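Remarks on the structure that follows.
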Amino acid sequence: MTHLLRVDARENRDRVLAAARELFAESGLEVTMRQVARRADVGPATLYRRFPTKRDLVLEAFEEELAECSSIVYDGTADPDPWRGFCDVVERTLLLNARNQGFTDAFMSAHPDVLDLAAHREELGRVVSTIIRRAQTAGRLRPDFVFDDFVVILLAGRGLTAAPASTRDAAVRRFAAFMIDGLRVADAASDTRISSA
């Protein structure tokens with residue numbers, strides 16, 4: 001019985017954080033705790049038991065955002081196919097940013113010094129640079145591509161946050177496909193498809 005309660009509590013927490021991230025991305029940090037509880041389909045008491053204050057909820061939701069970003073990058077490193085790993089990182093990072101850029105911007109404006117984001121960026125920058133080198137060594141990624149170019153792609157993709165939610169993911173994937181096609185070495189095999197995740 002205790003195990004079932006733990007599972008239920010974990011599922012409630014996950015639903016709350018998913019709902020909070022969606023709402024913060026859509027409407028900024030002015031979203032109320034009641035709105036989050038309603039979106040997550042949990043009672044206010046359940047929400048406040050896990051997150052006593054809105055600040056607690058905002059911080060944990062943003063930490064989940066960072067964890068998802070890290071997961072995308074490390075998945076790319078773990079892929080035995082260097083080119084596929086690179087393509088997945090480009091597409092999935094663009095998707096994450098397009099869905100949640102509003103939340104990231106709002107968080108950075110309200111809590112600029114709460115988390116050590118510089119260390120997070122530096123670590124992921126090192127890993128992405130490794131992914132880039134692997135894809136270049138495999139002869140699939142153009143040799144003049146550098147980490148700063150990856151950042152430019154992400155910055156260019158920010159405009160897609162304004163796309164309607166119903167078509168945004170498809171637009172991001174199309175944008176990613178165009179970017180990746182331009183980065184592939186001209187004589188590389190063309191049978192590798194980018195991720196649809």
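The values are calculated or read from the model by the stated rules, or taken from the named source; none is laboratory data. Just so we're clear, the structure is a prediction, and the values are computed from it rather than from any experiment. A quick note on method: Cβ atoms are made from the backbone with ideal geometry, for glycine too, and the neighbour counts reach across all protein chains shown. In case anyone asks, the SASA skips ligands and DNA or RNA and just uses the protein heavy atoms, side chains included. Shrake-Rupley method; radii C 1.70, N 1.55, O 1.52, S 1.80 Å.
A few points about this structure:
- Normalised radius of gyration (Cα atoms, divided by 2.2 N^0.38 Å) for region 68-141: 1.23.
- The helix-only estimate of mean residue ellipticity at 222 nm for the chain, built from DSSP H runs of length n ≥ 4 each weighted as -39500 (n - 2.57), is -25000 deg cm²/dmol after division by the residue total.
- Solution diffusion estimate, µm²/s, Stokes-Einstein, the chain, Kirkwood Rh from C-alpha pairs, 37 °C, viscosity 0.692 mPa s: 179 µm²/s
- Projecting the Cα atoms of Val146, Gln35, Val172 onto the charge dipole of the chain, computed from C-beta unit charges around the Cα centre, puts Gln35 farthest toward the positive end.
- Options Val128, Met108, Ala163, ranked by Cα towards positive dipole end of region 78-187, top entry (Cβ charges): Ala163
- Taking 7 Å steps out from each Cα toward its Cβ at Ser166 and Ala9 produces label points 4.2 nm apart.
- Region 38-197 - percent of accessible surface contributed by carbon and sulfur, probe 1.4 Å: 54 percent
- Across region 1-72 the C-alpha pair distances fall into 10 Å bins from zero in the proportions 20, 53, 24, 3 percent.
- Taking 0.36 nm per residue of sequence separation and removing the Cα-Cα distance, the Val146/Thr32 pair yields an extension gain of 36.9 nm.
- Thr137/Asp116 FRET efficiency (R0 41 Å; Cβ-Cβ; nearest 0.05): 0.85
- Relative contact order (percent, whole number), the chain, Cα cutoff 8 Å, 6+ residue spacing: 24 percent
- Under 5 Å between amide hydrogens, built in the peptide plane, is the criterion, and for Leu141 it picks out Gln136, Val185 among residues at least 5 positions away or on other chains.
- In region 42-100, the C-alpha radius of gyration followed by the widest Cα-Cα span (Dmax) gives 15.9, 48 angstrom.
- Kirkwood Rh in Å, taken over all unlike Cα pairs in region 109-170: 14.2 Å
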